[in-house]
Amino acid sequence: MQVVLEILRYTIPSLVVFIGVYVLVRSFLHQQLERERLRVKLEAQSQTLPLKMAAYERASIFLQRISPESSVPRHSNMGTIPAIILHRNLVEEIRTEFEHICSQQIYMSIEAWANVIMAKEQTLTLHHRVLSRMDENSTNIDFAKAIFELSAEENIYPSRVAQEFINREVSKIL
């Protein structure tokens, strides 16, 4: 019995010290692991932030270029042409510009990209609606005037709505 008590006298304090050291080392290693994860995350963010910002910039440029206020005057300076030609040029430009920024969606939020797509679709719909109201002899000037009138009349400014959303999103990132 004496031997067992003697063994316990040395073993119990050793076990308490061992458990204490184990808990401290485990806690220390857990904190180090969390610090390393945070460091890796911050490093990844520092590398992806410029890519995200570039994507939002490209989307903003796209929205500005497809807005009727920008695109119609850019295509209307060709002299007098049939309205259908202007319509075709505008639609083609929107689709081409969109193809150039499609890859940027991976760096944008789902909501921001959805707003860009919605602006594109609403702009195309606006152009199609105006063309459907034109007669065969309408010119690019008639078409341009009708686009601006319908936009003002129905308060249709899809690029502005999407741009405002993107601005809010970017302000959250920064």
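Only one residue in SER171, SER132 is part of a helix (DSSP H, G or I), out of contact with any helix residue (DSSP H, G or I) (no Cβ under 7 Å at 6 or more places or on another chain), among the polar types (S, T, N, Q) and closer than 18 Å to ARG88 by Cβ. Which one? Steps first, please.
Working: SER171 fails: closer than 18 Å to ARG88 by Cβ.
Going through SER171, SER132 in turn, just one is part of a helix (DSSP H, G or I), out of contact with any helix residue (DSSP H, G or I) (no Cβ under 7 Å at 6 or more places or on another chain), among the polar types (S, T, N, Q) and closer than 18 Å to ARG88 by Cβ: SER132.
Per-residue answers, yes or no, for (1) at positive phi; (2) over 34 Å from the mean Cα position of the chain (by Cα); (3) without any contact (Cβ under 8 Å) to a residue 12 or more places away in the chain; (4) exposed (fewer than 10 other Cβ atoms within 10 Å of the Cβ):
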position: VAL4; (1), (2), (3), (4): no, yes, yes, yes
position: PRO13; (1), (2), (3), (4): no, yes, yes, no
position: VAL17; (1), (2), (3), (4): no, yes, yes, no
position: VAL21; (1), (2), (3), (4): no, yes, yes, no
position: VAL25; (1), (2), (3), (4): no, yes, yes, no
position: PHE28; (1), (2), (3), (4): no, yes, yes, no
position: LYS41; (1), (2), (3), (4): no, no, yes, no
position: LEU51; (1), (2), (3), (4): no, no, no, no
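Conditions (1) in contact with a Phe, Trp or Tyr (Cβ under 9 Å, 6 or more places away or on another chain); (2) among the basic types (Lys, Arg); (3) farther than 24 Å from GLU169 by Cα; (4) not in a helix (DSSP H, G or I), marked per residue:
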{"site": "LEU24", "(1), (2), (3), (4)": "no, no, yes, no"}
{"site": "ARG39", "(1), (2), (3), (4)": "no, yes, yes, no"}
{"site": "TYR56", "(1), (2), (3), (4)": "yes, no, no, no"}
{"site": "PHE62", "(1), (2), (3), (4)": "yes, no, no, no"}
{"site": "ARG88", "(1), (2), (3), (4)": "no, yes, yes, no"}
{"site": "GLU92", "(1), (2), (3), (4)": "no, no, yes, no"}
{"site": "ASN115", "(1), (2), (3), (4)": "yes, no, no, no"}
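Only one of these is in contact with a strand residue (DSSP E or B) (Cβ under 9 Å, 6 or more places away or on another chain) and farther than 15 Å from ILE61 by Cβ: LEU86, LEU126. Name it.
Result of the check over LEU86, LEU126: LEU86.
Regarding PRO82, is this residue over 27 Å from GLU111 (Cα atoms) and in contact (Cβ under 8 Å) with a residue 40 or more places away in the chain?
Details: over 27 Å from GLU111 (Cα atoms): yes; in contact (Cβ under 8 Å) with a residue 40 or more places away in the chain: yes.
Yes, satisfied.
Here is a list: TYR22, TYR56. Which entry is within 30 Å of ILE117 (Cβ to Cβ), of a type in the set (Phe, Trp, Tyr) and out of contact with any strand residue (DSSP E or B) (no Cβ under 7 Å at 6 or more places or on another chain)?
Values: TYR22 fails: within 30 Å of ILE117 (Cβ to Cβ).
Criteria check complete, one pass: TYR56.
Mind checking which pairs have a first residue in the stretch 113-138 that is without any contact (Cβ under 8 Å) to a residue 12 or more places away in the chain and a second that is of a type in the set (D, E, K, R), Cβ under 9 Å, 6 or more apart or different chains?
ASP135/ASP142
Hey, could you check the stretch 70-108 for residues that are surrounded by 11 or more Cβ atoms within 10 Å (Cβ to Cβ) and hydroxyl-bearing (Ser, Thr, Tyr) and say which is modelled with the lowest pLDDT?
SER76
The values are calculated or read from the model by the stated rules, or taken from the named source; none is laboratory data. On a predicted model such as this, the values are computed, not experimentally measured, just so you know. Positions of Cβ are generated from backbone atoms using ideal geometry, with glycine treated the same way; all protein chains shown enter the neighbour counts.
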